[in-house]
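The values are calculated or read from the model by the stated rules, or taken from the named source; none is laboratory data. Values in this document were obtained by computation on a predicted structure and should not be read as measured data. Cβ sites come from the backbone with ideal geometry, for glycine too, and all protein chains shown count toward neighbours. These accessible areas exclude ligands, DNA and RNA; they are computed on the full protein's heavy atoms, side chains included. Shrake-Rupley method; radii C 1.70, N 1.55, O 1.52, S 1.80 Å.
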Amino acid sequence: MSEPGRPATPTTSHWGAFRVRAEPGGGIEVMAHPDDPAPSPLLGNVPGGLRHATRVARPAVRRGWLENGPGPSDRRGGEPFVEVGWDVALDLLAAELARVRESAGNEAIFGGSYGWASAGRFHHAQGQLHRFLALFGGYTSSRNSYSIGTSEVLLPHLVGSAGAVLRGASSWPTIVANTELIVAFGGIPEKNVFVTPGGMTRHDTPGHLAALAARGTAIVLISPLRGDLPEYLDARWHPVIPGTDVALMLGLAHTLVAEGLHDKGFLDRYCAGYDTFEGYLLGDADGVPKDASWAGPVCGIEPEAIRQLARRMAAARTLVTVTWSLQRARHGEQPVWAALALAAMLGQIGLPGGGFGHGYGSMGDVGSENPALRLPTLHHGHNPVRTFIPVARIADMLRSPGAAYDYDGRRYTYPDIRLVYWAGGNPFHHHQDLGRLRTAFGRPDTIVVHETHWTATARHADIVLPATMSLEREDIGSGRRDTHLIAMHRATAPAGQARDDHDILAALAGRLGLGPAFTEGRTPRQWLEHLYGEWRDAMLGHGHQVPGFAEFWAAGEYRLPEGPAHFTLFEQFRADPQRSPLRTPSGRIEITSATVAGFGYDDCPGHPVWLEPDEWLGSPRARRFPLHLIANQPATRLHSQLDVGATSQGGKVAGREALQMHPQDAAARGIAASDVVRVFNDRGACLAGVVLTTAIRPGVVRLPTGAWFDPVPGTGPAPLCAHGNPNVLTPDVPSSRLSQGCAGQHALVQAERWTGPLPPVTVGAPPPLLPAGPVGEGGG
């Protein structure tokens, strides 16, 4: 128990604001923010993760790199580390950065650092690293995100910008007040709404979903998982065959045309290229009408049910929404594009609570009516190197330097990367086909990681520098549509010899002659005062009353001004498309895009089409691997963060990630609840604990991402993960040549009960750590 009267420290995280009270003996008590109506269950991971045995305590260098120098190596992930002093580690790293720049140029440095480290505005690991590397002469960067990289490239071609959809649709209060029918492709998964970049002080989405239930709003769930919609919402569930949502959308669209239910006036005035799409629906070119009778067998829904749903959609104020998960698949552009076309045919885009939405239930701030204000931000500087890759193509880049690839209408070449510098992310969580990624990680000369814990990325690095967690430093935090700006007070001392990312990079910059340019003569506290002061001046200029830094810091938070009740972009466009055109070539919604068609991509034509997935239950591959795996976001952690925490560990079965399976599929394989099973395909295998449920379509299994990768030694290029990481199974292929986005949501697998001795889960302890010899002396 905490001491009575002991003060609580304010802070925030990507899963929301909270309070921390230090306890005797070094522990902490975590309390939800008093204004939060639905605190995140992920708060339960914080106390156990703070001082876990897997914290990186001291700088460490892979023994082979320390003894033999930089160079490609297949020993990464399998060798012990030598703990060294900070001076030694920083001297080695500074020399290696200088060597790579001199011998291969700054393009040979990949500043990866895609990830979700601190929610703080200053101690943002990716921003700190990119600022340092820009001062050092630049780096190869990445674009877009694993979460929604496909849509980020596609949507500007269709509606002029990604933000027009992702942050410009109806707010939840508007939906509750106006929407009569929600057709939710991929559902509205409540587990995801507790997470937002930078955090949300108030998690309002669960309350809005409850309001929908109280109002009796009709909801149709299109997903193989009943859990993609809260149980308390009384929905009609269509357990669609995974990967076939587009076929269903086309069947619905064909019914609207065949029965004259589409809004011709809206299509003529607000859309471009509809006639071409209608010709495709009617089968003018291929002789195959995409009607309900065609769609039903493809997607596993009765044709008459498709027709009835189309009629309901045309008769009500209807919101067609697509989760981000649907675009994380091969041909992931198509469900987003087809759903937009379907909503346009209903003629309700721009009406309150109607039209098209993308991401409800995918992130906590989608549908928020909170203010979209500029926040205090550390400027990253100018990167002189223009070379980049789409973020999900890291393994291709490392494995195939010099190879050409397509991206958004242009042709690029992968650079020859000699040094990878990562801070604040874990590619062995985000990326697919981890056996292939391990091979790719063997190619650079040097891999550097700042890490709080011994994740798989840290274990596959050469130089590992221990970084502080948010509770061990001061910062300012807030999310994109947060209600509060939070003063993130330091709650506890750093673990071991951990340092802030800024302090690590400042010391490194000093060794490279960049110290004054990097720090600008400010301490971290002075940086916070500076960034807050810049932001405060801007807010005062807009008429907002904002306290000075000292008052803000003492109070622990500042309540941000309220925002509009709903968004206006599509409403303005609908009111007058001539005065408020979209930023597309036509100024309208491009149901057919001449630009995309002109790229000539066979895997992403110029209008929505049905393209059979490489891996789905209708493919020949399903004869070998007859279960369709859905590798979606976990409910017990943010990605792989704090997998060692109590909430995450509480969701494990037999110490491994839980695999949801239909009883029918389990019985056919002699599998019982809580059995450990081997889930496998030709890319790899993992061990998982079984949870039986009827809330999943037969033939489908669910294994969420984020279990720390734990390859069993000796299992080779197709690894066996003892812990249940599904990305040993998912394919490392792009969504299409247009976006090169992540396609890691689906894979075909087989499952069998494990009968042999169980390999231990080892990721709950650090890798082998050796004491430093003479070369490793020095405390920094």
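Below is a table of values for the structure above.
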{"read-out": "Test set (1) more than 11 Å from ARG76 (Cβ to Cβ); (2) open to solvent by 20 Å² or more (accessible area, probe 1.4 Å); (3) outside any strand (DSSP E or B) - ASP406 fails condition number", "value": "(3)"}
{"read-out": "Residue satisfying condition, being under 28 Å from ASP682 (Cα atoms), in a helix (DSSP H, G or I), open to solvent by 20 Å² or more (accessible area, probe 1.4 Å) and modelled with pLDDT of 95 or more, within set ARG436, ARG443", "value": "ARG436"}
{"read-out": "Test: residue in the range 648-659 that is hydroxyl-bearing (Ser, Thr, Tyr) and either open to solvent by 20 Å² or more (accessible area, probe 1.4 Å) or without any contact (Cβ under 8 Å) to a residue 12 or more places away in the chain (or both)", "value": "no"}
{"read-out": "Verdict on MET200 being assigned to a loop (DSSP other than H, G, I, E, B), within 30 Å of GLN660 (Cα to Cα) and out of contact with any His (no Cβ under 7 Å at 6 or more places or on another chain)", "value": "yes"}
{"read-out": "Residues of the range 491-500 that turn out to be open to solvent by less than 40 Å² (accessible area, probe 1.4 Å) and closer than 21 Å to LEU97 by Cβ, as a count", "value": "1"}
{"read-out": "Unmet criterion (only one of (1) over 21 Å from GLU333 (Cα atoms); (2) assigned to a loop (DSSP other than H, G, I, E, B); (3) open to solvent by less than 50 Å² (accessible area, probe 1.4 Å)) for GLY243", "value": "(1)"}
{"read-out": "Given (1) open to solvent by 20 Å² or more (accessible area, probe 1.4 Å); (2) farther than 30 Å from PHE680 by Cβ; (3) within 26 Å of the chain's Cα centre (by Cα), index of the condition ARG459 fails", "value": "(2)"}
{"read-out": "Check on ASP234, in contact (Cβ under 8 Å) with a residue 60 or more places away in the chain, over 15 Å from TRP610 (Cβ atoms) and open to solvent by 50 Å² or more (accessible area, probe 1.4 Å)", "value": "no"}
{"read-out": "In the range 504-524, the residues that are free of Cβ contacts under 8 Å to residues at least 60 places away in the same chain and surrounded by 18 or more Cβ atoms within 10 Å (Cβ to Cβ)", "value": "ALA506, THR519"}
{"read-out": "Selected residue (only one of ALA162, ALA211 is closer than 16 Å to ALA38 by Cβ, open to solvent by 10 Å² or more (accessible area, probe 1.4 Å) and without any contact (Cβ under 8 Å) to a residue 60 or more places away in the chain)", "value": "ALA211"}
{"read-out": "Residue among SER619, SER580, SER593 that is closer than 30 Å to PHE680 by Cα and among the polar types (S, T, N, Q)", "value": "SER619"}
{"read-out": "Residues that are over 21 Å from TRP616 (Cα atoms) and assigned to a loop (DSSP other than H, G, I, E, B), drawn from the range 651-692", "value": "GLY651, LYS652, ALA654, GLY655, GLU657, GLY670, ILE671, ALA672, ALA673, SER674, ASP675"}
{"read-out": "Matching residues, the range 353-390, being small (Gly, Ala, Ser) and not in a loop (DSSP other than H, G, I, E, B)", "value": "GLY355, GLY357"}
{"read-out": "Unique residue being open to solvent by 30 Å² or more (accessible area, probe 1.4 Å), under 29 Å from ALA53 (Cα atoms), among the aliphatic types (A, V, I, L, M) and in contact with a helix residue (DSSP H, G or I) (Cβ under 7 Å, 6 or more places away or on another chain) when the list is ALA718, ALA695", "value": "ALA718"}
{"read-out": "Failed item in (1) within 27 Å of the chain's Cα centre (by Cα); (2) in a loop (DSSP other than H, G, I, E, B), with SER648 passing the rest", "value": "(2)"}
{"read-out": "Number of the exception - SER674 against (1) surrounded by 16 or more Cβ atoms within 10 Å (Cβ to Cβ); (2) without any contact (Cβ under 8 Å) to a residue 24 or more places away in the chain", "value": "(1)"}
{"read-out": "Scope the range 170-188; condition open to solvent by 10 Å² or more (accessible area, probe 1.4 Å), farther than 21 Å from LEU309 by Cβ and of a type outside the set (Ser, Thr, Tyr); matching residues", "value": "PRO173, VAL176, ALA177"}
{"read-out": "Matching residues, the range 480-513, being farther than 14 Å from SER118 by Cα, basic (Lys, Arg) and touching a helix residue (DSSP H, G or I) at 6+ places or on another chain (Cβ under 7 Å)", "value": "ARG511"}
{"read-out": "Odd one out for PRO711, checked against (1) surrounded by fewer than 24 Cβ atoms within 10 Å (Cβ to Cβ); (2) at pLDDT 95 or above; (3) under 19 Å from LEU434 (Cα atoms)", "value": "(1)"}
{"read-out": "Flag if ILE476 is surrounded by 18 or more Cβ atoms within 10 Å (Cβ to Cβ), touching a Lys or Arg at 6+ places or on another chain (Cβ under 6 Å) and either modelled with pLDDT of 95 or more or not in a helix (DSSP H, G or I) (or both)", "value": "yes"}
{"read-out": "Lone unmet requirement of (1) open to solvent by 10 Å² or more (accessible area, probe 1.4 Å); (2) within 19 Å of ILE630 (Cβ to Cβ); (3) of a type in the set (Gly, Ala, Ser) for GLY689", "value": "(1)"}
{"read-out": "Test result for ASP396, touching a residue at least 12 places away in the same chain (Cβ under 8 Å), surrounded by fewer than 22 Cβ atoms within 10 Å (Cβ to Cβ), of a type in the set (D, E, K, R) and in a strand (DSSP E or B)", "value": "no"}
{"read-out": "Helices (runs of 4 or more DSSP H) lying entirely in the range 525-633 (those with 1 or more residues that are over 30 Å from ASP643 (Cβ atoms) and among the charged types (D, E, K, R))", "value": "549-555, 569-575"}
{"read-out": "Out of HIS130, HIS157, sole residue that is touching a strand residue (DSSP E or B) at 6+ places or on another chain (Cβ under 6 Å) and either open to solvent by less than 10 Å² (accessible area, probe 1.4 Å) or not charged (D, E, K, R) (or both)", "value": "HIS130"}
{"read-out": "Some residue of the range 412-422 being open to solvent by 10 Å² or more (accessible area, probe 1.4 Å), part of a loop (DSSP other than H, G, I, E, B) and of a type outside the set (Ser, Thr, Tyr)", "value": "yes"}
{"read-out": "Test: residue in the range 360-380 that is touching an Asp or Glu at 6+ places or on another chain (Cβ under 6 Å) and either among the small types (Gly, Ala, Ser) or under 24 Å from PRO156 (Cα atoms) (or both)", "value": "no"}
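Let's see how each residue does on (1) surrounded by fewer than 16 Cβ atoms within 10 Å (Cβ to Cβ); (2) at pLDDT 95 or above; (3) within 31 Å of the chain's Cα centre (by Cα):
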position	(1), (2), (3)
LEU465	no, yes, yes
MET469	no, yes, yes
LEU485	no, yes, yes
HIS502	no, yes, yes
GLN526	yes, yes, no
VAL546	no, yes, no
ALA550	yes, yes, no
GLY556	no, yes, yes
